[in-house]
1. Given the -39500 (n - 2.57) contribution per DSSP H run of 4+ residues, what per-residue ellipticity at 222 nm results for the chain, rounded to the nearest 500 deg cm²/dmol?
2. Please give the helix 177-191 orientation as an angle from the longest Cα principal axis of the chain, in degrees from 0 to 90, rounded to the nearest 10.
3. Find how much the distance from Ala154 to Thr83 grows on full extension, using 0.36 nm per residue of separation minus their present alpha carbon separation; answer in nm with one decimal.
4. Quote the relative contact order of the stretch 36-136 in percent (integer), defining contacts as alpha-carbon pairs under 8 Å separated by 6+ residues.
5. When the Cα centres of the stretch 88-162 and the stretch 173-224 are compared, how far apart do they sit, in Å?
6. How big is the stretch 138-187 by Rg and Dmax over its Cα atoms, in Å?
7. Three principal axis extents, largest first, for the C-alpha atoms of the stretch 163-209, in Å?
8. Ranked highest first by average number of other Cβ atoms within 10 Å, how do 85-94, 71-80 line up?
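Read-outs: derived from the displayed coordinates by stated rules, not from any lab. Computed from a prediction, not measured in an experiment: that's the story for all the values here. Virtual Cβ from ideal backbone geometry, glycine too; neighbours counted across all protein chains shown.
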Amino acid sequence: MPIQTILLLGVDASDAIGHALRAAGNWEVIVVPLGTDMVEGVEAARPDLIVFAPGSAECCPVLERLRAGKRTARIPVVLLGDTSVQGTVGALPLPLDPETLKPQVQRLFEEGKLRSQLARLEDLGGVAFLHEMIGLFLESAPQRLDAMRAGLRADDLNAVERAAHALKSSAGNLGLEAAYALSGEIERQSAARQAEDVPALVERLRADLDLACARLVEARGAKP
């Protein structure tokens, strides 16, 4: 699922930062101040991503409260500033650059979704199950991409649609947001017999899968 709602937490310059985020991605931006009811405010907003501007003394306690919350533990958190800390998926350097802000936010969101889903899989079946799921994807994703290309060469959009559907499902299982979205769009256009943009989408998917597979290999190596 794409980003719909971003929550700004503890942001002093919330008007400027909120405006920059809204302009970059047309996202809904909600501001929640730090305080005793902070977690409740985050839970009520149900954001896809939290952007947090902490003071040095409040960073770790706030992150601990978010990680302890049943509904907030898996929401990706991004810090405003030059350095990320444990419990976050990265940082957005200040001042925000309107030219690069949208892809920066999207990349951090995708990293957060990947980490969250891998953690869910590990919770579900342990490290061995996580390794198995990653291994199956690393083996099957190139095969399904090759099937899409072969379908395009043969002018067989049914084959492209089937391969895209299968890849979409497996990408979703691992929290690979970009691969999921691209596969879904290839599936949709192939089913509608709208083939004009499909070759370019398949090449975009190939480039994304290169990055996604490298990230999965890294994640598997971190869980021996």
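1. Value at 222 nm, helices only, nearest 500: -21500 deg cm²/dmol.
2. Rounded to the nearest ten degrees, it is 40.
3. On the way: separation 71, 0.36 × 71 = 25.56 nm, distance 4.93 nm.
In short, 20.6 nm is gained.
4. Values: 93 pairs, mean separation 20.4, N = 101.
That works out to 20 percent.
5. Computed from Cα coordinates, the inter-centre distance equals 6 Å.
6. Values for the stretch 138-187 (Cα only, Rg and Dmax): 10.1, 31 Å.
7. Dimensions of the stretch 163-209 along the principal axes of its Cα atoms: 29, 19, 13 Å.
8. Details: 85-94: 15.9, 71-80: 19.3.
Descending packing order for the listed peptides: 71-80, 85-94.
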